[in-house]
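Chemist: First the structure, then my questions, so here it is.
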Amino acid sequence: MLRSRFHPLQTRPSVAVPGDPGPGDRRVSRWTRIRARPSVRVVTTELRPLVAADAAEHCRGEDELTVRWLTGGHGDLARTVAHFERLARNAAAGTGKRGFGVWRSGRLCGYIDFDPDVEVLEPGEVNLAYAVHPWARGQGVAVEAVRLVCEVLQTERVGRRAAIRVEPENTASVRVAEKAGFTHARTLVSPTEVRSDGSPVTHRVYLLDLWPASDVPAAQPGQRP
Ligand SMILES: CC(C)(COP(=O)(O)OP(=O)(O)OC[C@H]1O[C@@H](n2cnc3c(N)ncnc32)[C@H](O)[C@@H]1OP(=O)(O)O)[C@@H](O)C(=O)NCCC(=O)NCCS
């Protein structure tokens, strides 16, 4: 497969500065993984905070699978901008759900967020949620984005384990969790969500340790332990 011929060169947290080719003149934290096939092409996968200017492209990247497995409904521009602004406030405060756009060689191709405050999870488990735009699927974007966001959790010392909750029928997302190194820990039965046949929705919880047991970070103020 194409990506198996790519050689991982580096993963780095960096800060874009005015004049940087990032979206707009603003300071943003950026996490980048660069993969290269020497002398042929370079493919970059980056996580960057989302801003209002990204909202239209973000909405265009939603399809029925995104709605079915993640959002429950199509987003409109105003609500999407409000969501991005909420994520930015949370990032500034260092609490709650924080989200990123996923850029593949400079083009917005997906979304990923983390949330340390999901009630159905155990303390210390940080929920991940993601979607990839239809045109970019099947190229390893989701697995790469999950790996990058786990590096953000480690850099910012958030949580003890990353968690992916997925309905068993969502085979693509199950595969993303497995390929990113997560293991199936338990199954949750939703107290509120039901399928069309009236049976309750179930979620498998896949977990990945962010730290060796000997190096678990202390809880930060405002965080669940
Ligand atoms: C799930 C989703 C994010 C996967 O994104 P992606 O970038 O295509 O995933 P990747 O390319 O990283 O693929 C990871 C693995 O899943 C496999 N995969 C992808 N789509 C698949 C499908 N429809 N059925 C089975 N496996 C699938 C890939 O083949 C790959 O495994 P492999 O390398 O062993 O072949 C994408 O399908 C999506 O956006 N779905 C709608 C939103 C969603 O389900 N979000 C998750 C909610 S828990």
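Chemist: Could you tell me which of VAL118, LEU47, CYS59 has its Cα farthest along the dipole of segment 34-129 towards the positive end, charges placed at Cβ (Lys, Arg +1; Asp, Glu -1), taken about the Cα centre?
Modeler: Going by the charge dipole, the pick is LEU47.
Chemist: Now for a separate question. Full extension from ASP209 to TRP135: what is 0.36 nm times the residue separation minus their Cα-Cα distance, to one decimal in nm? If you can, show how the numbers build up before the last one.
Modeler: Numbers: separation 74, 0.36 × 74 = 26.64 nm, distance 3.12 nm.
Here the answer is 23.5 nm.
Chemist: Label segment 108-191 by shape, choosing from rounded, prolate and oblate, from the square roots a ≥ b ≥ c of the eigenvalues of the Cα gyration tensor; if a/c is under 1.5 it is rounded, and otherwise prolate applies when a/b is larger than b/c, oblate when it is not.
Modeler: On the way: a/c = 1.84, a/b = 1.21, b/c = 1.52.
The shape class here is oblate.
Chemist: Under a crude label model (7 Å from the Cα following the beta-carbon direction), how far is SER199 from GLU178 in nanometres?
Modeler: Taking the two extended label points, one gets 2.0 nm.
Chemist: Which value, in debye to the nearest 20, describes the size of the charge dipole of segment 87-214 about its Cα centre when Lys and Arg Cβ atoms bear +1, Asp and Glu Cβ atoms bear -1, and nothing else is charged? List each step's numbers first, then the result.
Modeler: Details: 16 positive and 15 negative charges, 80 e Å.
My answer is approximately 380 debye.
Chemist: Multiplying the sequence separation of GLN154 and GLU64 by 0.36 nm and subtracting their Cα-Cα distance, what value in nm do you get? The partial results should precede the final answer.
Modeler: On the way: separation 90, 0.36 × 90 = 32.40 nm, distance 3.26 nm.
Stretched out fully, the GLN154 to GLU64 stretch lengthens by 29.1 nm.
Chemist: What FRET efficiency, computed as 1/(1 + (r/R0)^6) with R0 = 45 Å and r the Cβ-Cβ distance, is obtained for THR171 and ASP76, rounded to the nearest 0.05?
Modeler: For THR171 and ASP76, the calculated efficiency is 0.95.
Chemist: Expressed in nm to one decimal, what extension gain is obtained for the pair GLU57 and VAL189 from 0.36 nm per residue of sequence separation less their Cα-Cα distance?
Modeler: On the way: separation 132, 0.36 × 132 = 47.52 nm, distance 3.41 nm.
Using 0.36 nm per residue and subtracting the Cα-Cα distance, I get 44.1 nm.
Read-outs throughout are calculated quantities, based only on the coordinates presented, and are distinct from any laboratory measurement. Being a predicted model, the structure only gives us computed values, none of them experimental. Cβ: placed from backbone, ideal geometry, glycine included. Neighbour counts: every protein chain shown.
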